[in-house]
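Here the structure is laid out as structure tokens; the discussion comes afterwards.
The values are calculated or read from the model by the stated rules, or taken from the named source; none is laboratory data. Quantities reported herein were computed from a predicted structural model and do not represent experimental measurements. Cβ atoms come from the backbone with ideal geometry, glycine included; neighbour counts cover every protein chain shown. When the accessible area is computed, the model is the full protein with side chains, heavy atoms only, and any ligands, DNA or RNA have been set aside. Shrake-Rupley method; radii C 1.70, N 1.55, O 1.52, S 1.80 Å.
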Number of protein chains: 2
Amino acid sequence: MDDVTAYVQELGRTAREAARQMNRLDPGLKDKALLAMADRIEAEKSDILAANREDLERAASEGLDAALVDRLELNEDRVSAMADGLRQVAGLPDPVGAMNDLSMRPSGIQVGKMRVPLGVIGIIYESRPNVTADAAALCLKSGNAAILRGGKEAISSNRAISHIMRTVLAEVGLPEGVVSVVDTPDRAAVGALLGMPEHVDIIIPRGGKGLIERVAAESRVPVIKHLEGVCHTYIDADADLDKAADIAVNAKTQRYGTCNTMETLLVDAAVAGAVLPGLGERFLDAGVELRGCPRTRELVSGAKEAGEEDWATEYLGPILAVKVVDGLDAAMNHIAAYGSGHNDAIVTENYTSARRFLREVDSSSVMVNASSRFADGYEYGLGAEIGISTDKLHVRGPVGLEGLTTEKFVVLGSGQTRG
Amino acid sequence: MDDVTAYVQELGRTAREAARQMNRLDPGLKDKALLAMADRIEAEKSDILAANREDLERAASEGLDAALVDRLELNEDRVSAMADGLRQVAGLPDPVGAMNDLSMRPSGIQVGKMRVPLGVIGIIYESRPNVTADAAALCLKSGNAAILRGGKEAISSNRAISHIMRTVLAEVGLPEGVVSVVDTPDRAAVGALLGMPEHVDIIIPRGGKGLIERVAAESRVPVIKHLEGVCHTYIDADADLDKAADIAVNAKTQRYGTCNTMETLLVDAAVAGAVLPGLGERFLDAGVELRGCPRTRELVSGAKEAGEEDWATEYLGPILAVKVVDGLDAAMNHIAAYGSGHNDAIVTENYTSARRFLREVDSSSVMVNASSRFADGYEYGLGAEIGISTDKLHVRGPVGLEGLTTEKFVVLGSGQTRG
């Protein structure tokens, strides 16, 4: 075994032991630590910013691209926001330990479920150093140990933030191993982290599609992920067309770069003539390029021609694919063929169409008469979001604290044996 | 692509389409089909038994071992039990479509979750032809399509059973693709089934540890599994020793070959002298070989010496490892080091010890004062069991119908856009 693998495995063993200790300690210590971390991060702001400047200078000398540098850069406000984030997590209800559905069985045993931490969570992310504090806080609150692997471009910032967090952990009496940073730029460390299911229970990659695909392909540990959001809004024949237009504009233009942004608009042929010319103008006025099917282009003169690949593309920018379809079934068939299972919405006043869409569309979020931009942990009331899952297992949709836990069966008896 | 892969992929495409159709059809058809299948299986008993005889004759000519032949063999009672199993599944509540936790958000959208089928489930199993009916029934009831890959030794029986099921599906108006059997003895078919995550949502292997390890190592589709049950019962210093002895005897001897059978008994040193001599005699009288630590062997003269490997062994037979430990922490450390996360029990009258054990032991079932033999879907009231999961993700412990489903978020609005 090479040195990097041995180092990462030792981090894993320490994290596993720290996670076990968490199950023994007073849960109140978690919030105490989070609040103390927030105070310490604000008090040591200048140290964090100094470390961040080292990263920025290295980035400049290596000619990193501007978008990456923007994500890498911290300033006073961003550090304060980081501290506030920790305080918000401290204020959330603790998901761990809840016992539910206890019922008495004919044998006399009582059976139910207890919510418990997953154990050790590996987070693999790029550039943004605030993820170090955010992700570690969510893992800590849910009783897990976190092993953080940030990008090498942010290594000084990540070191400074995690140093503060570990110092506070030790001060309040929690094991330092609850938060650890893989402190080597060697890329082999990622492979080692993905290859030790005995020490790591789940991997959460945060970053671009390339990173996530690599992690998912290589990991021997289960991964919570979403690859992309090819999100649809379908304007039904029975839609309120004013609502429909407002929802469609909001779903596309409120923010372009997010995974819950609408990428394809589907319109029932029965109302296309009534809604598309005006709605098309609104998109074009807002600077959105339209790529339409032939029927769309007849109704919206400024629309370009859509190719087959447009139906499957997450633009993450001011481009929208538009297709006129013949009814609800055609819309749902299109979504089944081209969607990414992230979120899909229908605009309709028709009860049966709404009910069918909710039941039949197989996406992590299905919506009636609402903007796709609502598909978000905060908007859903989860209190926090560590990511989004478009997989069907374990957790689906926005992932909050509960997604970082699991349940075990508890059996309470008074001496029962099986006959 | 070779022919076998192409054939299995076509089964996958058909199953995926059938699963989509299930979301459109009247859920009552599922129970109608299950009851009609039960009747048809009893009516065509002689055809099933004739097919089974073909398998048995081939097994005899190939010299299959006796245990395998026993599992392969059907008779009138076993076929009736198969039909009764289908009727029981029909009588269970339908898990699909339940909408829960709908709450109004400040934005005015209502957010909740809807329980939905996973989609397509691949079942890979050995010899027992009744699994064909059982597993297909559970998949159907939970709204999924099943692709069944039984052992080649049972291919005629599986063909006969699935032929009946598919005929009934077509008759009641459900897609035949809901139940399909991989009808080739070619082992490459298993690889193809494990390699098409686009068509299969989950794989459930049922069989020996070798089969399950192979499936888990090779699969590109998530697997619900348990490898083994190295289950512990710990007799605490504050145990009621009569209860403790009865529970321990039941946990080991009620059935030897099941995964929830106790394999290691841990006894607190404070009560070892009081409980182990008598309890050891009971085990030896029952024909159980004891393999003990040195302190155990001082108290039970008939106990053999345990080696390091005994603490990690699932005997699945009349052998028990016994260790005297110094208190609760030592017991939980032993379980953490050697356990398989299946189920572990404490016998104690001490509230704090019971509470600590429930919280700190990381197993799919944790028990107080009950026999480990209760770790079972029927005993837990799940109504049915398709397997047991010792993994932490998606589902943990006995897996009933709910484990074959997932949830999606539903959002109900009245035109909301995000500000």
**OP:** Roll a 1.4 Å probe over the protein chains and send me the accessible area per residue for the stretch A:231-374 in Å².
**Re:** 36
**OP:** Select from B:M114, B:M332, B:M82 the residue whose mean-square fluctuation is largest in a Gaussian network model of chain B (Cα-Cα springs shorter than 10 Å).
**Re:** B:M114
Original post:
Leaving out ligands, DNA and RNA but keeping every protein chain, what accessible area does B:E76 have, in Å² rounded to the nearest 10, with a 1.4 Å probe?
Top reply: 110
**OP:** Distance between Cα centroids, the stretch A:163-234 to the stretch A:138-155: provide it in whole Å.
**Re:** 7
**OP:** Calculate for the protein assembly as shown the 222 nm mean residue ellipticity that helices alone would give, adding -39,500 (n - 2.57) per DSSP H run of length 4 or more and normalising by residue count, nearest 500 deg cm²/dmol.
**Re:** -13500 deg cm²/dmol
Subject >> the stretch A:1-71-the stretch A:341-364 distance, computed between alpha-carbon centres (Å) >> reply: 41
Original post:
Expressed as a whole percentage, what fraction of the accessible surface of the stretch B:88-177 belongs to carbon and sulfur atoms when a 1.4 Å probe is rolled over the protein heavy atoms?
Top reply: 47
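Could you give the accessible area per residue of the stretch B:3-225, probe 1.4 Å, as a whole number in Å²?
Computed with neighbouring chains in place, this is 41 Å² per residue.
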Original post:
Roughly how much of B:E153 is accessible, in Å² to the nearest 10, using a 1.4 Å probe?
Top reply: 40
Subject >> Closest-to-axis residue of chain A (Cβ criterion, axis taking A to B), whole Å >> reply: A:H394, 2
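From largest accessible area down, sort B:D246, A:D236; use a 1.4 Å probe on the protein chains. Don't jump to the answer; show the numbers that get you there.
Details: B:D246 70, A:D236 5 Å².
Heavy-atom accessible area, descending, gives B:D246, A:D236.
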Original post:
Given 10 Å bins starting at zero, what is the percent of C-alpha pairs of the protein assembly as shown in each, up to the one with the largest pair distance?
Top reply: 2, 12, 19, 23, 21, 14, 6, 2, 0, 0
Original post:
Can you give me the relative contact order of the stretch A:1-141 as a percent, contacts being Cα pairs under 8 Å and 6 or more apart?
Top reply: 29
Original post:
Rg/Rh for the stretch A:83-147: what does it come to with C-alpha atoms and Rh from Kirkwood?
Top reply: 1.19
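Indicate, rounded to the nearest 5 percent, the antiparallel portion of the DSSP beta bridges found entirely in the protein assembly as shown.
Rounded to the nearest five, the antiparallel share is 25 percent.
Give the relative contact order (percent, whole number) for chain B; include only Cα pairs under 8 Å separated by 6+ residues.
On the way: 827 pairs, mean separation 73.5, N = 419.
Contact order relative to length: 18 percent.
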**OP:** Could you tally the net charge around A:T406, taking each other residue with its Cβ under 10 Å from the Cβ of A:T406, Lys/Arg +1 and Asp/Glu -1?
**Re:** 0
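How many percent of all Cα-Cα pairs in the stretch A:18-78 sit more than 18 Å apart?
On the way: 1009 of 1830 pairs.
When all Cα pairs of the stretch A:18-78 are counted, 55 percent exceed 18 Å.
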Original post:
What is the total of Lys pairs in the stretch B:3-225 with C-alpha atoms under 30 Å apart, excluding same-chain pairs fewer than 8 positions apart?
Top reply: 18
Original post:
Counting only protein heavy atoms and using a 1.4 Å probe, what share of the accessible area of the stretch B:248-352 belongs to carbon plus sulfur, as a whole percent?
Top reply: 49
Subject >> Dipole of the protein assembly as shown, positive end: most advanced residue of A:Y378, A:I124, B:G387 [Cβ charges, Cα centre] >> reply: A:Y378
Subject >> Label-point separation, B:Y256 to A:S46 (7 Å along Cα→Cβ), nm >> reply: 7.5
Original post:
Cα-Cα pairs above 18 Å in the stretch B:156-289: how many percent?
Top reply: 70
**OP:** Using the charge dipole of chain B (Lys, Arg: +1 at Cβ; Asp, Glu: -1 at Cβ; taken about the Cα centre), state which of B:A154, B:P318, B:A90 has its Cα farthest towards the positive end.
**Re:** B:A90
Original post:
Which three lengths, in whole Å and largest first, does chain B cover when its Cα atoms are put on their principal axes?
Top reply: 73, 67, 41
Original post:
What FRET efficiency would be calculated for the residue pair A:T167, B:S103, taking the C-beta separation as r and a Förster radius of 41 Å, to the nearest 0.05?
Top reply: 0.60
Original post:
Given a 1.4 Å probe and the protein chains all in place, what does the accessible area of B:D26 round to, in Å² to the nearest 10?
Top reply: 100
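Using a probe radius of 1.4 Å on protein heavy atoms only, what is the accessible area buried between chains B and A, both sides summed, to the nearest 100 Å²? Spell out each step's value before the answer.
Working: alone 18750 and 18760 Å², together 31760 Å².
Buried: approximately 5800 Å² between A and B.
How many percent of all Cα-Cα pairs in the stretch B:231-374 sit more than 26 Å apart? Before the final figure, lay out the partial values.
Working: 1069 of 10296 pairs.
Taking all Cα-Cα pairs of the stretch B:231-374, the fraction more than 26 Å apart is 10 percent.
Could you calculate the FRET efficiency of B:N333 with A:D26 from 1/(1 + (r/R0)^6), where r is the beta carbon distance between them and R0 is 25 Å, rounded to 0.05? Working shown, then result.
Values: r = 21 Å, r/R0 = 0.82.
Computed FRET efficiency for B:N333 and A:D26: 0.75.
Take every DSSP beta bridge whose two residues both sit in the stretch A:25-164, then give the antiparallel share in percent to the nearest 5.
Numbers: 4 of 9 bridges.
For the stretch A:25-164, the DSSP antiparallel bridge percentage is about 45.
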**OP:** Measure of size requested: the Rg and Dmax of the stretch B:3-225, with Cα atoms as the atom set and Å as the unit; please supply both.
**Re:** 18.4, 72
